[in-house]
Amino acid sequence: MNIFKRLFRIGSAEANSLVDKLEDPIKMTEQGIRDLKKNLSSALQALAEVKALAIRSKNDANKYSEKAKDYEKKAILLLKKAERGEITAEEADRLASECLVQKDTFISNAATARKDQEKFEAHVAKLDKNIKNLKSNVKKYENELRTLKARAKVAKATKNINKQLADVDSSSTVSMLERMKDKVAEEESLAESYADIASESTSIDDEIENALESGSAEVKASDSLAALKAKLGQA
């Protein structure tokens, strides 16, 4: 019994220690998951903003390219007008030159916008990768947290059961059972004793009655036998 009590106490101590060790990690993991979700929300917002910048840069690049093409077309139209004599050659050259200056400006703007687009798209790719890692980590830690909570619950239940088993003697359950056994044995012995006394305590009146009944039966039997013999002629 002592060795079992010792084992129960050891098991209880280990379970209690396990629960103590698990409580803080559970809280820390929960806080860590909350922090990760906040980071994930911020990252998603940043991703949306950077994507918007990439889209805007792309649209600007396209718009500047179209503007550059448009000014080139205008320069060509001016030169053709000069050929047809609709405007002077000097005026056509001056205006066409201005168109080409605008064309170069828009080409430069388009190139800058393309570079910005590439830069923003690189940021988008990096943020997207980080977000996927964050999502994966959140899912992983949530699964680990569920396992941790389950382990803590089992450990706590084991601790309580082992504590109850270890405290059986201190709760006097065993001693009460032993006292009950002694009480029952005592009652059984008393019952047997009273039965013996009852069988030995036949009163004198009972003895007299028994004797009278016994004698009467014998006399009656003798008379019956004599009558039977007389009837048979054997008397």
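Where a number appears in this text, it was derived from the coordinates with a stated rule and is not lab data. Since this is a predicted model, take the numbers as computed values, not measurements.
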Using a cut-off of 19 Å between alpha-carbon atoms, which lysines can reach Lys153, once sequence neighbours fewer than 8 places away in the same chain are excluded? Lys21, Lys27, Lys163
For the stretch 184-190, what does the Karplus curve 6.51 cos²θ - 1.76 cosθ + 1.60, with θ = phi - 60°, yield as ³J(HN,Hα) per residue in whole Hz, taken in order and with x for Gly and Pro? 5, 4, 5, 5, 5, 5, 4
Could you give each residue of the stretch 113-118 its phi-based ³J(HN,Hα) in whole Hz, using Karplus coefficients 6.51, -1.76, 1.60 with θ = phi - 60°, and x for Gly or Pro? 5, 5, 5, 5, 4, 4
Amide H neighbours of Ile87 under 5 Å, at least 5 residues apart or on other chains, H built in the peptide plane: list them. Ala82
Note, ³J(HN,Hα) from phi for the stretch 51-64, Karplus 6.51, -1.76, 1.60, rounded to Hz, x at Gly and Pro: 4, 4, 5, 5, 5, 5, 4, 5, 5, 5, 4, 5, 5, 5
